[in-house]
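The values are calculated or read from the model by the stated rules, or taken from the named source; none is laboratory data. Just so we're clear, the structure is a prediction, and the values are computed from it rather than from any experiment. Don't worry about glycine lacking a Cβ; one is built from the backbone with ideal geometry, like all the others, and counts go over all protein chains shown. These accessible areas exclude ligands, DNA and RNA; they are computed on the full protein's heavy atoms, side chains included. Shrake-Rupley method; radii C 1.70, N 1.55, O 1.52, S 1.80 Å.
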Amino acid sequence: MLLHGHPRTSATWHRVAPRLVEAGFQVVCPDLRGYGRSSKPEPTPDHSAHSKRATSQDMLQLMNQLGHEQFVLAGHDRGSYSALRLALDYPSAVSKLALLDCIPISEHLARANANFATSWWHWFFYAQPDIPERVITADPDSWYQGDPAIMGQENYDEWRQAVRNPATIRAMLEDYRAGLTIDREHEEADRTAGKILQMPLLVLWSLRDDLELLYGNPLDIWKDWASDLRGHGVESGHHMAEEAPDELATTLINFF
């Protein structure tokens, strides 16, 4: 199972998924709750309708309905948080886990400083009530700035249709609002309880993005969350499934 990030859809994997199929995997690429063509639940005051716990339950139910009681799982960006939550809540379902461009939300917030707030200002802007909806829906193409040359035309067309839907924009913003509230609470409860990932964990990060600039080696953070950890940087911008599909696919195949 491959879970996409913001503001993409499952089509972001269009250069990676075929390589996994060629290697013998059955591959499931869903749109996350609220994203792309998935359903758009009504927001709730505590943002639980768009929490990573709710999304991870969607993903588990989908895999179970397809006949997969246990599976390998990869998530990128916002999808990595849903993947992490699924692995923490249902460890017997996930045999191996790969997280791309990710450290836990609670770890980001615990380290939040001026550099983080400047670089990741969108987290806090998206969390505001009403204002980001009005700003983004005024011109979503300019706000998100997709590039068909990098994304691939089919992926770009699907993505562009999705981000022009106000219900999708609202759902994506609720994802971030949940991140700063209920998702953070769930992660902190896990840390208090001493819960860690027991399955093998692969962490990959984009070398032309800013995760390493902010924190140094992300594995130094992840070592407190996993008992079996490995990972490395990938020569890519943030959307590595689109920008470095060959390296990413090869790495996932070798890990899974």
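General remarks:
- Across the range 125-130, coupling constants 3J(HN,Hα) worked out from phi with the 6.51/-1.76/1.60 Karplus curve, θ = phi - 60°, read 5, 4, 6, 6, x, 6 Hz, and Gly and Pro carry x.
- Low-density loop cleavage sites - GluC sites (Glu not before Pro) in the range 193-256, where at most 16 other Cβ are within 10 Å (DSSP): 235
- Normalised by 2.2 N^0.38 Å, with N the number of residues, the alpha-carbon radius of gyration of the range 1-151 equals 1.11.
- Label-point separation in nm, residue 110 to residue 70, each point 7 Å along Cα→Cβ: 3.0 nm
- Note on the chain: the alpha carbon radius of gyration divided by the globular reference 2.2 N^0.38 Å gives 0.94.
- Under-5 Å amide H pairs with residue 44, H placed in peptide plane, nonlocal only: 49, 50
- Value of relative contact order over the chain, rounded to a whole percent, pairs C-alpha under 8 Å and six or more apart: 25 percent
- By the rule of a C-alpha distance below 19 Å, with chain neighbours fewer than 8 residues away ignored, the lysines paired with residue 96 are 52, 195, 223.
- Amide H contacts under 5 Å for residue 234: 205, 206, 207, restricted to partners 5 or more places along the chain or on a different chain, H placed in the peptide plane at 1.01 Å from N.
- Accessible solvent surface per residue of the chain, calculated while the other protein chains remain in place, 1.4 angstrom probe, Å²: 43 Å²
- Across the range 199-212, coupling constants 3J(HN,Hα) worked out from phi with the 6.51/-1.76/1.60 Karplus curve, θ = phi - 60°, read 7, x, 10, 10, 10, 10, 9, 7, 6, 9, 10, 10, 4, 5 Hz, and Gly and Pro carry x.
- Amide proton proximity set for residue 226, modelled H, under 5 Å, gap of 5+: 197
- Only helices enter this figure: runs of n ≥ 4 DSSP H residues, each worth -39500 (n - 2.57), summed and divided by the residues of the chain, yield -13000 deg cm²/dmol at 222 nm to the nearest 500.
- Paramagnetic reach from residue 117 (point 7 Å along Cα→Cβ, amide N under 18 Å) across the range 156-200: 180-181
- Between the C-alpha center of the range 25-75 and that of the range 193-256 there is a gap of 21 Å.
- Loop-located trypsin sites (Lys or Arg not before Pro) in the range 152-238 (DSSP state not H, G, I, E or B) with no more than 15 neighbouring Cβ atoms inside 10 Å: 164, 195, 208, 223.
- FRET efficiency for the residue 154 to residue 37 pair, using the beta carbon distance and R₀ = 22 Å, is estimated at 0.95.
- Once the Cα-Cα distance is subtracted from the 0.36 nm per residue extended length, the residue 44 to residue 224 segment shows a gain of 61.6 nm.
- With all protein chains in place and a 1.4 Å probe, the accessible surface of the chain carries 48 percent carbon and sulfur.
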